[in-house]
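The values are calculated or read from the model by the stated rules, or taken from the named source; none is laboratory data. Worth saying up front: this structure is predicted, and the values here are computed from it rather than measured. We place every Cβ from the backbone using ideal geometry, glycine too, and count neighbours over all the protein chains shown.
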Amino acid sequence: MSRSDLVIKLVEAGAQGDRPMLRRTVEAIVAEERAKQHHTFADRLSGALASVERAGPKAVAGTHLPDRVREFVVEVPARRALAELVLPEHVQEACDELIGEQRSGNLLRAHGLEPRHRVLLAGPPGNGKTSLAEALAEALAVPFFVVRYESVIGSYLGETATRLKRVFDYARTTPCVLFFDEFDAVGKERGDLHETGEIKRVVSSLLLQVDDLPSYTVVVCATNHPELLDRAVWRRFQLRLELPNPSQDQLKRWFETFLSRLDGKVGFSAAALSSKFRGASFAEVEQFSLDVQRRLVLSLGAMTARDALARQLQQWTRRFVISADAKERDGDQAPNPPPQTHRRKAPQGRPEGGS
């Protein structure tokens, strides 16, 4: 049974008032964690049990994330499986290797080796970086913690570095996947003359914290702008994977899975649909599929899958877009066009995606 399953079992037992079951479950987990030398996590579980017995079943959920990090980290349920993602072959192989190493960590340690646990994901937005991090947590059956920048980044001297240290200190206490999205926000190049000394101190502290993580804590960082990262950041990551816009073959595979979930004949092949979305991101085609499903649900059976797909495809291809040529013509008349008109030209043969 995975750690997340055990926590759910704890909550259910406490909610139902099954105190003997609750105590036996917690004591079994504590014994297992102490055998693994995870004393901090074991102490936290013991404290949670004592709180439940004093204050009732709701204390379990409240003590799962300690107060010192609850503001800076959110635990997201890891529901997306790696098999659901359409990944480049080399990325799939690298992830399979990472999962295998983590699962056989004790064997590697017996030979003086540690499993890889630091991953950097780069590429355009909407191509699965967050989904891949979530899938790694699901495959490893560990919690998926997402760092909240709006709370971590402070305005006072040393505040950001102190908060990041709290996050890393907590991540060391339990096997987990710790995810930093938009990593360039805290991992910027220290040589940039436009950056303040505070950012440089944050990056220096961040690098030391990453180096000090145990191998059972998998840290995954994602960025749309890898060129902005500090040069010293790169060598910290044992896996550096690129997730580009999907190829035609990947789009075809994605649409094959999507069409298999629709009832009846749809009148479109996966190859035909993939050609219409040439250059789109996975987020764009996923949004298209959700729009089709919304049409079907709201029609209450009055619309077939074929009709819903055709109508949504027609609407999708007519989405508002401003071409580069039009922007240039507008620029002659309006030297300062509003920001919302700065849209890229849709690649030929595909609808403009995104919102």
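Tabulated results
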quantity	calculated
Residue in the stretch 156-168 that is more than 27 Å from GLU84 (Cα to Cα), aliphatic (A, V, I, L, M) and in contact with a strand residue (DSSP E or B) (Cβ under 7 Å, 6 or more places away or on another chain) present	yes
Residues being under 23 Å from ASP211 (Cβ atoms) and not in a loop (DSSP other than H, G, I, E, B) - total across the stretch 112-131	6
Selected residue (only one of ARG54, ARG79 is of a type outside the set (S, T, N, Q), at pLDDT below 70 and surrounded by fewer than 18 Cβ atoms within 10 Å (Cβ to Cβ))	ARG54
Residue match in the stretch 281-299 (condition: among the aromatic types (Phe, Trp, Tyr) and modelled with pLDDT of 85 or more)	yes
Number of positions in the stretch 69-91 that are over 16 Å from the mean Cα position of the chain (by Cα) and in the same structural domain as VAL167 (by TED's automatic domain parsing)	3
Residue count for the stretch 156-175, restricted to those that are outside any helix (DSSP H, G or I) and touching a residue at least 24 places away in the same chain (Cβ under 8 Å)	6
Qualifying residue in the stretch 309-328 (condition: modelled with pLDDT of 85 or more, among the charged types (D, E, K, R), farther than 30 Å from ARG118 by Cβ and not assigned by TED's automatic domain parsing to the domain that holds GLU97)	yes
Of all residues in the stretch 132-155 being assigned to a helix (DSSP H, G or I) and modelled with pLDDT under 90, the one that is nearest to LEU241 (Cα to Cα)	TYR149
Residue among VAL297, VAL219, VAL285, VAL210 that is among the β-branched types (Val, Ile, Thr) and surrounded by fewer than 16 Cβ atoms within 10 Å (Cβ to Cβ)	VAL297
Given (1) surrounded by fewer than 17 Cβ atoms within 10 Å (Cβ to Cβ); (2) out of contact with any strand residue (DSSP E or B) (no Cβ under 7 Å at 6 or more places or on another chain), number of the condition VAL74 does not satisfy	(2)
